[in-house]
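Comments concern the structure below.
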Amino acid sequence: MRIFVSAAEISSDIHAAKILSSISSIVESRGQSVEWCGIGGPEVRSLPGFQVLESAENLRAMGIVEVLAKYSFFKKLIDRAASRIAEFNPDLILTFDYPDFHFRLMQKVLDEKLAPNALRVCGIPPKVWVWRSKRVEKIRTLYHGVWVIFPFEKSFYRGHSIPAIYEGNPLLEDLPLREATLSTKKPLETITVMPGSRDGELKSHLPVIPETLRLFSEKIGKPVTAQVPVPAGVDEAFLRSRLVDTDRVKYRFMPGESAQSLSETRIGLIKSGTSTLESVVLGCIPVIFYRMNPLSEWVLRVMIVWLGGYLGPVGLPNILLGVKNRKDSHFPELLGPEAKPEALSSWLARIHGDLQLREKLKLQCEETKALFQLDQYSTTAADRTAHRILDWVASPPPPVPVLSTNEKPHIALVSFLWSSINWFRRRLHGLGLLRSQESRIPSILVGNLQAGGAGKTPIVIALAEEAMLRGLKTAVISRGYGSSETNPLGDEPLEITSMVPGVFLFVDADRVKSIRKAEEQGFELLIFDDGFQNLKFKTKTTVLAVTDRSRAQVPYRDFDSEIRHADWVLGTKGVTFRDVFVGDHRKFFRIEWSWDEPTGQPVWLYCGIGDPAELVAFYRARGLQIRKIITVEDHGALSLSAVKKLMEDAAHDQCVLAMTPKDRVKFPTLEGNLKVLHRTIRNRDWIDAVFKSTL
């Protein structure tokens, strides 16, 4: 068996070496041999016969600026690795950590059809359940499956139809879980200090440690001892030259003994990473910190705001305990400019002096440890994982259809031009050169920034249902997108009337004309389906549906700044937007969707909507098995005969044809092997707010 491995992080080197050793033992017990090559740290390189393409130590770069500085090196290494894969023709490709590097390598492997028969496994995949969730589709495209080290990740990835292996956490499995009792722990003045292993981390972290510990010593009025585990591949002499004893602070260097140090101490100054998880499992309360190059920090913060202001926790213990906002973290996190000696020492001193706080955090340590059920296995995680991977090699997981969510430059250009035109029109309107007519009837407009796929129609339906319950004579005004000779109203108007019996519908490109007709007929409430960019009329209340899709993924009709013209903003799809976009958080609601139908048999999914990738991800995350995806353009449709043929073909594949209500209304006479996917809005508080501001 031939294996190409890339463990490009020092921290994943140990994981990779253990799994590879187990694979080798299993394969050799079957009378076969193993050949391996690739990128690794000291542990992987020590495997018998391992052919080294590059040492993991040479890939130590963390932060945007640091990575850009080594761009040429990384690009050449990807080319070298791809050439080696083509020459080696492995049966198995294993990558660990370092997602951006490995994604580019795997994309090259697929694009150039290298090693077409190799099983591709992503070990320790990126934390897509925290942020940049769109990388789930990237993983689905590039790999056959993933190997994960956190228990909840297994259900997360399987929920997104990505085969996942979880057989325990090898790192935690090796820890001395019979941790020291408080009576045998060292005094509180002895703490563990772990500044990291990458060159960039050490460069950023080491300068703040001496001053932090000096201030900590002054705050508690006692000398401090810092136990410093020395990671593999880090020069102890280099650490000693930066961390020098003083009358207030003494350093004890412990090569490769992080577990021992964390077991002995009750407080730690720990850089963000896997070591923070190791710390809490061993009962050492971490003050989590991370610093980068100042320019990297600035770029990162700008990106976060551009992505929607999302800034969740970075420390693994806080993430695993379900913290959503970093300011609510159980274990303190100080990042970038926050990680200054005064702030770091204050947290260390607070934990040192507050018994009640220590006891509270100790309970959080126990809760985190309990998540892993570390005593339930009789064999090692590496052996169990190796068996599962070899099962995949023998019988690869079936391919899963994917929908691309890649960003494209031409879409970004269209978004900019379209938004610029509407920005200019709004400025003319503001100068009084364009005039708007306002309805005398209370009215609600549901619009969006992007061109389709924001989830407007379900919002219109929910508002119309509420209006009917309140006994209001209500009309929905629509432009009638998707109309045709066979369907003169359009798909969305048909969906609205089918879901809300009794609501009246005006369909006309001239919405002002529809307003006048509604006034003449005595309607009590008007709901506009779309029209945020139409400046010819004005409504009492404006509701804007926003998603986290980027301007290079879907065309946008307005810049984000135009959100200020909305009365209410509803986050309909995605995780990265925040109310920072809105300015006034009281105007923002996040829509919560639900779908409670049993999964039943697998489906072929037919969809002619604006954001099919989000639809697929939503239903996959709730257990729907999607075997095939058939997409048409938004508001478009195949012929009735073509859809009937799809139903027949799906039945032959022991599947049912599934579609959205928006698609279903286009085929009123269609019957048979068909399933309509109805998802509903679970939270209703925003509806009361909208009606209160309108009536």
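Before moving on, here are some points about what is shown:
- Residue within the stretch 507-514 that is open to solvent by less than 50 Å² (accessible area, probe 1.4 Å) and basic (Lys, Arg) present: yes
- The stretch 186-201: number of residues that are of a type in the set (Asp, Glu) and more than 26 Å from the chain's Cα centre (by Cα): 2
- Residue identified as open to solvent by 20 Å² or more (accessible area, probe 1.4 Å) and at pLDDT 90 or above among 670, 605, 638: 638
- Residue list for the stretch 403-450, filter: of a type in the set (Gly, Ala, Ser), under 28 Å from residue 610 (Cβ atoms) and part of a helix (DSSP H, G or I): 412, 415, 419, 420
- Taking first residues from the stretch 547-562 that are at pLDDT 90 or above and partners that are surrounded by fewer than 19 Cβ atoms within 10 Å (Cβ to Cβ) and part of a loop (DSSP other than H, G, I, E, B), the Cβ contacts under 6 Å between residues at least 6 apart in sequence or on separate chains come to 555/451; 557/451; 557/533.
- Scanning the stretch 28-41 for residues that are surrounded by fewer than 17 Cβ atoms within 10 Å (Cβ to Cβ) and not in a loop (DSSP other than H, G, I, E, B) gives 28, 29, 35.
- For the stretch 298-315, filtering for residues that are open to solvent by 20 Å² or more (accessible area, probe 1.4 Å) and either modelled with pLDDT of 70 or more or charged (D, E, K, R) (or both) leaves 2.
- Checked against (1) closer than 22 Å to residue 8 by Cα; (2) assigned to a strand (DSSP E or B), residue 191 meets all criteria but (1).
- Note on the stretch 406-437: residues that are within 29 Å of the chain's Cα centre (by Cα) and either basic (Lys, Arg) or closer than 16 Å to residue 143 by Cβ (or both) total 1.
Results for (1) of a type in the set (A, V, I, L, M, F, W, C); (2) open to solvent by 50 Å² or more (accessible area, probe 1.4 Å); (3) assigned to a loop (DSSP other than H, G, I, E, B); (4) more than 24 Å from residue 331 (Cα to Cα), shown as yes or no for each residue.
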site	(1), (2), (3), (4)
208	yes, no, no, no
216	yes, no, no, no
229	no, no, no, no
232	yes, yes, yes, yes
246	no, yes, yes, yes
250	no, yes, no, yes
254	yes, no, no, yes
261	no, no, no, no
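- Residue match in the stretch 658-666 (condition: touching a helix residue (DSSP H, G or I) at 6+ places or on another chain (Cβ under 8 Å), more than 23 Å from residue 595 (Cα to Cα) and open to solvent by less than 50 Å² (accessible area, probe 1.4 Å)): no
- Residue list for the stretch 42-58, restricted to those being part of a loop (DSSP other than H, G, I, E, B), on the phi < 0 side of the Ramachandran plot and out of contact with any Cys (no Cβ under 8 Å at 6 or more places or on another chain): 46, 47, 48
- Single residue of 450, 437 found to be touching a residue at least 24 places away in the same chain (Cβ under 8 Å) and either closer than 23 Å to residue 590 by Cβ or crowded, with 24+ Cβ neighbours inside 10 Å (or both): 450
- Looking at the stretch 316-386, the helices (runs of 4 or more DSSP H) lying wholly inside it that each contain 2 or more residues that are open to solvent by 30 Å² or more (accessible area, probe 1.4 Å) sit at 341-353, 355-370.
- Positions within the stretch 1-27 being in contact with a Leu (Cβ under 8 Å, 6 or more places away or on another chain), among the hydroxyl-bearing types (Ser, Thr, Tyr) and buried (at least 22 other Cβ atoms within 10 Å of the Cβ), in sequence order: 6
- Number of positions in the stretch 451-480 that are part of a strand (DSSP E or B), closer than 20 Å to residue 663 by Cβ and of a type in the set (A, V, I, L, M, F, W, C): 1
- Residues within the stretch 94-124 that are open to solvent by less than 10 Å² (accessible area, probe 1.4 Å), without any contact (Cβ under 8 Å) to a residue 60 or more places away in the chain and either more than 21 Å from residue 157 (Cα to Cα) or assigned to a loop (DSSP other than H, G, I, E, B) (or both), tallied: 1
- Selection within the stretch 532-562 - under 26 Å from the mean Cα position of the chain (by Cα), buried (at least 19 other Cβ atoms within 10 Å of the Cβ) and not polar (S, T, N, Q): 544, 545, 546, 548, 549, 551, 554, 555, 556, 557, 558
The values are calculated or read from the model by the stated rules, or taken from the named source; none is laboratory data. Since the structure is predicted, the reported quantities are computational estimates derived from the model, not experimental observations. Reconstructed Cβ throughout: ideal geometry from the backbone, glycine too, with neighbour counts over all protein chains shown. Side chains are part of the model used for accessible areas, which takes the heavy atoms of the whole protein and leaves out ligands, DNA and RNA. Shrake-Rupley method; radii C 1.70, N 1.55, O 1.52, S 1.80 Å.
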